[in-house]
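Report on one structure; see the data block that follows.
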Amino acid sequence: DTGVSQDPRHKITKRGQNVTFRCDPISEHNRLYWYRQTLGQGPEFLTYFQNEAQLEKSRLLSDRFSAERPKGSFSTLEIQRTEQGDSAMYLCASSLSAGKGQFFGPGTRLTVL
Amino acid sequence: DQQVKQNSPSLSVQEGRISILNCDYTNSMFDYFLWYKKYPAEGPTFLISISSIKDKNEDGRFTVFLNKSAKHLSLHIVPSQPGDSAVYFCAAEANFGNEKLTFGTGTRLTIIP
């Protein structure tokens with residue numbers, strides 16, 4: 001399978017715990033994006049990388065959220081001190097260049113108890 | 001502030017007929033528009049896009065129309081097939097290339113056999 005993959009697909013955690021999600025983009029794509037989707041809403045942009053450079057992070061929801069893409073390949077999204085309001089689907093997407101469409105992974109569903 | 005609006009949460013269409021999904025936007029800086037389809041437990045799948053310099057783009061059974069003066073776009077699917085049953089999201093990008101997509105809330109399309 002050469003699509004975008006995300007791991008884990010589901011994560012249940014207790015409030016206050018830290019969680020980390022991984023995204024592996026399509027191999028030749030140098031752009032990688034993170035979105036959050038809550039029930040009844042469309043995906044909400046969080047941040048994006050071009051290669052290893054994080055070009056936009058102002059939309060990260062709070063300083064508890066951080067993302068990395070250390071070698072310009074896979075990326076991780078970390079949420080520290082999780083809160084119940086963080087429960088959502090976290091989507092990763094990648095693209096080859098602007099205007100070519102972003103290709104989404106299946107998402108990681110986070111449930112914070 | 002919902003900058004991209006899909007006012008119909010759901011739509012049912014008979015197989016073989018035309019499906020028309022609508023989307024309105026408020027931000028006049030949007031200049032690139034995309035439609036995505038989403039099945040349950042999967043990430044959104046890119047369908048078709050249109051630049052603001054065009055008013056129509058066609059790809060097989062899918063055609064997107066853009067009316068800039070009305071800040072309105074629509075997706076036409078003809079003929080509709082059972083596999084088209086999914087949630088459809090409209091998305092927009094300001095300043096083509098900045099890659100921050102703003103999504104609508106989605107329309108659930110059901111094709112009736």
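The values are calculated or read from the model by the stated rules, or taken from the named source; none is laboratory data. Predicted model, so just to flag it, every value in this text is computed and none were measured. Using ideal geometry, Cβ is built from the backbone for each residue, glycine included, and neighbour counts are taken over all protein chains shown.
Considering only residues of segment B:73-105 that are of a type in the set (Gly, Ala, Ser) and either over 16 Å from the mean Cα position of the chain (by Cα) or more than 14 Å from B:Ser19 (Cβ to Cβ) (or both), which is farthest from the other protein chains (Cβ to nearest Cβ)?
The initial filter retains those residues of segment B:73-105 that are of a type in the set (Gly, Ala, Ser), namely B:74, B:80, B:83, B:85-86, B:91-92, B:94, B:97, B:104.
Still in the list and also either over 16 Å from the mean Cα position of the chain (by Cα) or more than 14 Å from B:Ser19 (Cβ to Cβ) (or both): B:83, B:91-92, B:94, B:97, B:104.
Working: B:Gly83: 18, B:Ala91: 7, B:Ala92: 11, B:Ala94: 11, B:Gly97: 4, B:Gly104: 5 Å.
Filtering first and then ranking leaves B:Gly83.
Here are some conditions: (1) within 13 Å of another protein chain (Cβ to nearest Cβ); (2) touching a residue at least 40 places away in the same chain (Cβ under 8 Å). A:Phe49 meets all but one. Which one does it not meet?
Evaluating A:Phe49 over (1) within 13 Å of another protein chain (Cβ to nearest Cβ); (2) touching a residue at least 40 places away in the same chain (Cβ under 8 Å) leaves (2) as the failure.
Which of the residues belonging to segment A:1-18 are assigned to a loop (DSSP other than H, G, I, E, B) and crowded, with 17+ Cβ neighbours inside 10 Å? If you could, list the steps in order and put the result at the bottom.
Our first condition is that a residue be assigned to a loop (DSSP other than H, G, I, E, B); within segment A:1-18, this holds for A:1-4, A:8-9, A:14-18.
A:Val4, the sole residue that qualifies.
Within segment A:73-81, is there a residue that is within 14 Å of chain B (Cβ to nearest Cβ) and not charged (D, E, K, R)?
No: segment A:73-81 contains no residue that is within 14 Å of chain B (Cβ to nearest Cβ) and not charged (D, E, K, R).
Please determine whether any residue of segment A:48-62 is out of contact with any Gly (no Cβ under 7 Å at 6 or more places or on another chain) and crowded, with 21+ Cβ neighbours inside 10 Å.
Yes.
Just checking, how many residues over segment A:61-111 are touching a residue at least 60 places away in the same chain (Cβ under 8 Å) and on the phi > 0 side of the Ramachandran plot?
Matching residues across segment A:61-111 total 2.
Looking for something assigned to a loop (DSSP other than H, G, I, E, B) and among the acidic types (Asp, Glu) - is there at least one such residue anywhere in segment A:61-71?
Looking through segment A:61-71, at least one residue is assigned to a loop (DSSP other than H, G, I, E, B) and among the acidic types (Asp, Glu).
Could you please give the count of residues in segment A:19-47 that are crowded, with 22+ Cβ neighbours inside 10 Å and small (Gly, Ala, Ser)?
1
Quick check on my filter: what residues within segment A:79-110 are among the polar types (S, T, N, Q) and in a strand (DSSP E or B)?
A:Ser94, A:Ser95, A:Thr108
Check B:Leu21 against each of (1) surrounded by fewer than 21 Cβ atoms within 10 Å (Cβ to Cβ); (2) within 14 Å of B:Thr107 (Cα to Cα); (3) away from chain A (no Cβ under 11 Å) and name the one condition it does not meet.
Result: B:Leu21 fails condition (1) only.
For segment B:57-104, name all the residues that are at pLDDT below 95 and β-branched (Val, Ile, Thr).
B:Thr102
Restricting to segment B:31-66, and then to whatever is of a type in the set (D, E, K, R) and assigned to a strand (DSSP E or B), can you tell me which residue is nearest to the other protein chains (Cβ to nearest Cβ)? Quick ask: steps written out before the conclusion?
So in segment B:31-66, the residues of a type in the set (D, E, K, R) come out as B:31, B:37-38, B:42, B:54-56, B:58-59, B:61.
Restricting the remaining residues to those that are assigned to a strand (DSSP E or B) gives B:31, B:37-38, B:56, B:58-59.
On the way: B:Asp31: 11, B:Lys37: 11, B:Lys38: 8, B:Lys56: 17, B:Glu58: 16, B:Asp59: 11 Å.
Restricting to residues being of a type in the set (D, E, K, R) and assigned to a strand (DSSP E or B), the top hit is B:Lys38.
Within segment B:12-61, can you find the residues that are farther than 17 Å from A:Gly101 by Cβ, among the hydroxyl-bearing types (Ser, Thr, Tyr) and free of Cβ contacts under 8 Å to residues at least 24 places away in the same chain?
Of everything in segment B:12-61, nothing turns out to be farther than 17 Å from A:Gly101 by Cβ, among the hydroxyl-bearing types (Ser, Thr, Tyr) and free of Cβ contacts under 8 Å to residues at least 24 places away in the same chain.
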